Amino acid sequence: MKNKVIIIVVILLVALIGVGVYFGVKANNKNKYQTADKYTVKGEEIPSINSVLGERKVKNYSYTKEDTEVLELTFETQNAQEDAEKYINYLFENENFLRERLNEENRLRVAKSADNTTGVVTVETEKNDKGLKVTIIVGPGTIKVDPVE
């Protein structure tokens, strides 16, 4: 019986350490994205929200690595619509991105051919109840350009 209790305590300690490491890494990465001048996704460098708009607090993030790599960041902001427009306009005017057609009022998107990989770099902003969500996707795809008015 005593051995079972020791084994259970050891398992619980290992689980607690694992959870602590997970949250420690998560907090470190969150800080990395909060202070970054650029985001690197699949070898492509994209100016960060902070380098374009000034400091914004990162609320959530996720990064998926497969054939297509996806970085999703959600920022606290006082005016998500204004920040989204300024960020997308900066990428369009300074980083050779093209505007893409969207039929949704709360989302904006730009894209360009990838510099360091084959495929497309897409940056999308979405205003939602949590703040401003920025999604950067690098992988195969096409660019659906807005028609010239």
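The values are calculated or read from the model by the stated rules, or taken from the named source; none is laboratory data. In this text the structure is predicted, and so the values were computed from the model without any measurement. Quick reminder, even Gly has a Cβ in these numbers, built from the backbone with ideal geometry, and neighbours come from all protein chains shown.
Taking segment 70-121 as the search range and keeping residues that are out of contact with any Phe, Trp or Tyr (no Cβ under 9 Å at 6 or more places or on another chain), closer than 15 Å to Ile137 by Cβ and β-branched (Val, Ile, Thr), which one is surrounded by the most Cβ atoms within 10 Å (Cβ to Cβ)?
Val120
Determine the pairs where a residue that is more than 19 Å from Lys130 (Cβ to Cβ) and touching a residue at least 40 places away in the same chain (Cβ under 8 Å), located within segment 40-68, has a partner that is acidic (Asp, Glu) and surrounded by 11 or more Cβ atoms within 10 Å (Cβ to Cβ) with Cβ atoms under 6 Å apart, the partner being 6 or more residues away or on another chain.
Val41/Glu69; Lys42/Glu69
Of everything in segment 105-149, what is acidic (Asp, Glu), under 22 Å from Arg56 (Cβ atoms) and touching a residue at least 12 places away in the same chain (Cβ under 8 Å)? Give them in sequence order. Before you say what the answer is, go through the steps one by one.
We begin by selecting, within segment 105-149, every residue acidic (Asp, Glu); these are 105, 115, 124, 126, 129, 146, 149.
From what's left, under 22 Å from Arg56 (Cβ atoms): 105, 124, 126, 129.
If the condition is that a residue be acidic (Asp, Glu), under 22 Å from Arg56 (Cβ atoms) and touching a residue at least 12 places away in the same chain (Cβ under 8 Å), then Glu124, Glu126 are the ones that fit.
Could you say whether any residue in segment 8-24 is closer than 30 Å to Tyr90 by Cα and at pLDDT below 90?
Of all residues in segment 8-24, those closer than 30 Å to Tyr90 by Cα come to none.
No, segment 8-24 has no match at all.
Only residues that are closer than 20 Å to Tyr33 by Cα and either touching a residue at least 24 places away in the same chain (Cβ under 8 Å) or among the aromatic types (Phe, Trp, Tyr) (or both): list them for segment 69-84, please.
Glu69, Val70, Leu71, Glu72, Leu73, Thr74, Phe75, Glu76, Thr77, Ala80, Asp83, Ala84
Pick from segment 122-139 the residues that are more than 15 Å from Tyr87 (Cβ to Cβ) and crowded, with 20+ Cβ neighbours inside 10 Å: which of them is farthest from the chain's Cα centre (by Cα)?
Result: Val138.
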